[in-house]
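Visitor: Before anything else, here's the structure in question.
The values are calculated or read from the model by the stated rules, or taken from the named source; none is laboratory data. Quick caveat, the model's predicted, so the values are computed rather than measured. Cβ: placed from backbone, ideal geometry, glycine included. Neighbour counts: every protein chain shown.
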Amino acid sequence: MTAERVRVPPIKCQGIKTKLVHWIKHNLPESLNGTYYEPFLGSGVVAFNVRPLKALLSDSNPHIVAFYDEIKRGCITPALVSEFLNREGRRLSQSGADYYYEVRDRFNAERAPLDFLFLSRCCFNGLIRFNRDRLYNVPFGHKPERFSRSYITKICNQVKWVSQLIRQNGSWTITCTDFREALSGAGPADFIYCDPPYVGRHVDYFDSWSEADEMDLNAILRGSGARFILSTWYENRFRRNKWVDDIWSDFRMVSREHFYHVGPKEANRNSMTEALIINYEQAEQPGQRHAAALQEAQVTLDKPIST
Ligand SMILES: C[S@@+](CC[C@H](N)C(=O)[O-])C[C@H]1O[C@@H](n2cnc3c(N)ncnc32)[C@H](O)[C@@H]1O
């Protein structure tokens, strides 16, 4: 069996897990019978590749949720996206940064999901960042010719894929809510995948994360009785994530090195050891991990570790 290709959604965001999807999927329980919760949806790349039958997908950022909601309701279609990006892309190539900032102002006034898509795809580094006045403030990515025909086709195919997924899966709910509320209904039959902002590492209106948030998430996951995977960081060149040893240490941890890119330069590749904190055991033979990760072999689920 060959590994299924990871598909990429139309929205980008910081901390996007595209390169880690195989690894996360490999560590999932064999069966997802209850509801799949993903309360820090971001781009949606994990949920959309896991394709659970029943899911509650949420994020506190209303613009991410509005975009997927419009896809769900059929207000955003691949044809509309194509028309929109061809038109807006032409204007960007004529006026460059000036036009980017015009769309950014328009988005901050009107909050149109298609403008959000446009910004996400030509801003600096695919960042989503809002200031305390809730204004999107990411600068231009310096590529006036960004929306080439092939780039637009690629984005339209991503929209088509996500539209089919969301519309086929009638039992997916996508909502804008804080993780505390999103997880209030989770119980022992369910599975939760959490990818919160990394504590102390982001300053953004919708994407900040405090020590109190980390403690709350810990208590909620323990209290739910659900099986869960938490994505976090373990260490980088300079420091180690103390929370892994402080409040997550009684769970199983698997880790691997990952490179985050900041800008196009090779020198800006920052190595980070990524960790998955997991509250259930899996039966796996030593030495199988690499092959299994490549082949997405199914792993056997044991009971949740009691906490
Ligand atoms: C690291 S990103 C998730 C990335 C995602 N896994 C992906 O691969 O694209 C964290 C997300 O958590 C959301 N978030 C931050 N604080 C939150 C909160 N209190 N409740 C719900 N979502 C929150 C942010 O808006 C952001 O989209």
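Visitor: Out of the residues in region 147-195 that are in a loop (DSSP other than H, G, I, E, B) and at pLDDT below 95, which is surrounded by the most Cβ atoms within 10 Å (Cβ to Cβ)? Steps first, please.
Guide: Filtering region 147-195 down to residues in a loop (DSSP other than H, G, I, E, B) leaves 147-148, 169-171, 177-178, 186-190, 195.
Narrowing the set further to residues that are at pLDDT below 95 leaves 169-171.
Numbers: Asn169: 18, Gly170: 9, Ser171: 10.
Checking each candidate, the answer is Asn169.
Visitor: Which number in (1) more than 12 Å from the ligand (Cβ to nearest atom); (2) modelled with pLDDT of 95 or more marks the one condition that Gln288 misses?
Guide: For Gln288, the failing item is (2).
Visitor: Tell me the residue from Gly15, Gly96 that is surrounded by fewer than 23 Cβ atoms within 10 Å (Cβ to Cβ), on the phi > 0 side of the Ramachandran plot and more than 14 Å from the chain's Cα centre (by Cα), please.
Guide: Values: Gly15 fails: more than 14 Å from the chain's Cα centre (by Cα).
Of Gly15, Gly96, the one residue that is surrounded by fewer than 23 Cβ atoms within 10 Å (Cβ to Cβ), on the phi > 0 side of the Ramachandran plot and more than 14 Å from the chain's Cα centre (by Cα) is Gly96.
Visitor: Mind listing whichever residues of region 38-85 are among the hydroxyl-bearing types (Ser, Thr, Tyr) and away from the ligand (no atom under 11 Å from the Cβ)?
Guide: Just the residues of region 38-85 that are among the hydroxyl-bearing types (Ser, Thr, Tyr), to begin with: 43, 58, 60, 68, 77, 82.
Listed by number, the residues that qualify are Tyr68, Thr77, Ser82.
Visitor: Return the only residue of Ser231, Ser271, Ser255 being under 20 Å from the mean Cα position of the chain (by Cα), in the same structural domain as Thr35 (by TED's automatic domain parsing), away from the ligand (no atom under 13 Å from the Cβ) and at pLDDT 85 or above. If you could, list the steps in order and put the result at the bottom.
Guide: On the way: Ser231 fails: away from the ligand (no atom under 13 Å from the Cβ); Ser271 fails: at pLDDT 85 or above.
Just one listed residue meets the conditions, Ser255.
Visitor: Please identify the pairs in which a residue from region 72-89 that is assigned to a loop (DSSP other than H, G, I, E, B) has its Cβ atom under 8 Å from the Cβ atom of a residue that is of a type in the set (Asp, Glu), counting only partners at least 6 apart or on another chain.
Guide: Close Cβ pairs satisfying both conditions: Ile76/Glu70.
Visitor: Now a separate question. Out of Lys25, Lys12, report the one residue that is charged (D, E, K, R), outside any helix (DSSP H, G or I) and within 15 Å of the ligand (Cβ to nearest atom). Spell out the reasoning first.
Guide: Details: Lys25 fails: outside any helix (DSSP H, G or I).
Result: Lys12 is the single residue among Lys25, Lys12 that is charged (D, E, K, R), outside any helix (DSSP H, G or I) and within 15 Å of the ligand (Cβ to nearest atom).
Visitor: Limited to region 37-61, what total is found for residues that are under 16 Å from Pro10 (Cα atoms) and either assigned to a helix (DSSP H, G or I) or of a type in the set (Phe, Trp, Tyr) (or both)?
Guide: Of the residues in region 37-61, 5 are under 16 Å from Pro10 (Cα atoms) and either assigned to a helix (DSSP H, G or I) or of a type in the set (Phe, Trp, Tyr) (or both).
Visitor: Across region 1-31, what is the number of residues that are among the hydroxyl-bearing types (Ser, Thr, Tyr) and under 16 Å from Leu127 (Cα atoms)?
Guide: Taking region 1-31 as the starting set, the residues that turn out to be among the hydroxyl-bearing types (Ser, Thr, Tyr) are 2, 18, 31.
When the remaining residues are screened for being under 16 Å from Leu127 (Cα atoms), the result is 18.
Looking only at that region, the number is 1.
Results for (1) touching a helix residue (DSSP H, G or I) at 6+ places or on another chain (Cβ under 7 Å); (2) in contact (Cβ under 8 Å) with a residue 40 or more places away in the chain, shown as yes or no for each residue.
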| residue | (1), (2) |
| --- | --- |
| Val159 | yes, yes |
| Gln164 | no, no |
| Arg167 | yes, yes |
| Ser171 | no, yes |
| Cys176 | yes, yes |
| Arg180 | yes, yes |
| Leu183 | yes, yes |
| Ile192 | yes, yes |
| Pro196 | yes, yes |
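Visitor: Determine, yes or no, whether Gly42 is surrounded by 21 or more Cβ atoms within 10 Å (Cβ to Cβ) and either under 10 Å from the mean Cα position of the chain (by Cα) or within 22 Å of Phe118 (Cα to Cα) (or both). Before you say what the answer is, go through the steps one by one.
Guide: On the way: surrounded by 21 or more Cβ atoms within 10 Å (Cβ to Cβ): yes; either under 10 Å from the mean Cα position of the chain (by Cα) or within 22 Å of Phe118 (Cα to Cα) (or both): yes.
Answer is yes for this residue.
Visitor: Report, ordered by the first and then the second residue, all pairs with beta carbons closer than 8 Å, sequence separation of six or more or different chains, a first member in region 217-235 that is over 15 Å from Asp195 (Cα atoms), and a second member that is among the aliphatic types (A, V, I, L, M).
Guide: From residues that are over 15 Å from Asp195 (Cα atoms), the pairs are Ser224/Leu183; Ser224/Ala186; Ser224/Ile192; Ala226/Ala186; Ala226/Ala189; Ala226/Ile192; Glu235/Met272.
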